[in-house]
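Let me begin by presenting the structure, written as structure tokens, before commenting on it.
Bear in mind these aren't lab numbers, they're just calculated from the coordinates by the rules spelled out. Just so we're clear, the structure is a prediction, and the values are computed from it rather than from any experiment. All Cβ positions, even for glycine, are placed from backbone atoms using ideal geometry, and neighbour counts span all protein chains on display.
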Amino acid sequence: MAISFFQEDIRFDLKPKISYKSWLKKIAANEGYKIIELNYIFCSDEYLYNINVEYLQHDTYTDIITFDNSEKEKEIEGDIFISVDRVKENATDEKISFDEEIKRVLSHGLLHLMGYKDKTEEQQKQMRIKEEESIALF
């Protein structure tokens with residue numbers, strides 16, 4: 001099981017990494033999944049915006065983009081890009097700590113890789129419940 005954290009065009013480091021890795025593995029295990037390879041790439045708003053335009057043809061800023069590279073059912077392989085700028089802004093807007101918001105976004109990407117969606121209002125409610133359950137596991 002490989003979980004890696006990278007920085008693209010910014011300086012950002014999760015600490016302690018081992019706690020986050022254990023936590024993410026626990027979230028996956030609770031859903032019956034095994035993480036094979038999971039890469040989190042922390043970047044700026046502009047970097048993620050360019051990915052959104054180029055790969056998804058979405059001309060908007062976002063906090064997270066998840067690419068699912070999984071080949072087998074119940075095994076997770078993926079790349080998750082997170083805009084640290086957007087996470088900071090979301091935390092301020094929601095009046096929560098950056099720490100809580102980064103956990104929400106980290107779990108959000110993982111939940112997408114396990115099949116949870118957030119396009120409809122009902123899916124968004126379910127995603128929020130799963131995010132809260134995930135944060136509580138930390």
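The alpha carbon gyration tensor of the stretch 2-137 gives principal lengths a ≥ b ≥ c with a/c below 1.5, which makes the shape rounded.
Straight-line cross-link partners of Lys103 among the lysines, defined as a Cα under 21 Å from its Cα and at least 8 positions apart when in the same chain: Lys15, Lys17, Lys21, Lys25, Lys26, Lys34, Lys88, Lys95, Lys117, Lys119, Lys125, Lys130. Packing here is the average count of other Cβ atoms within 10 Å per residue, and on that basis the peptides 77-88, 11-22, highest first, run 77-88, 11-22.
For the stretch 2-137, the share of DSSP beta bridges that are antiparallel, to the nearest 5, is 25%.
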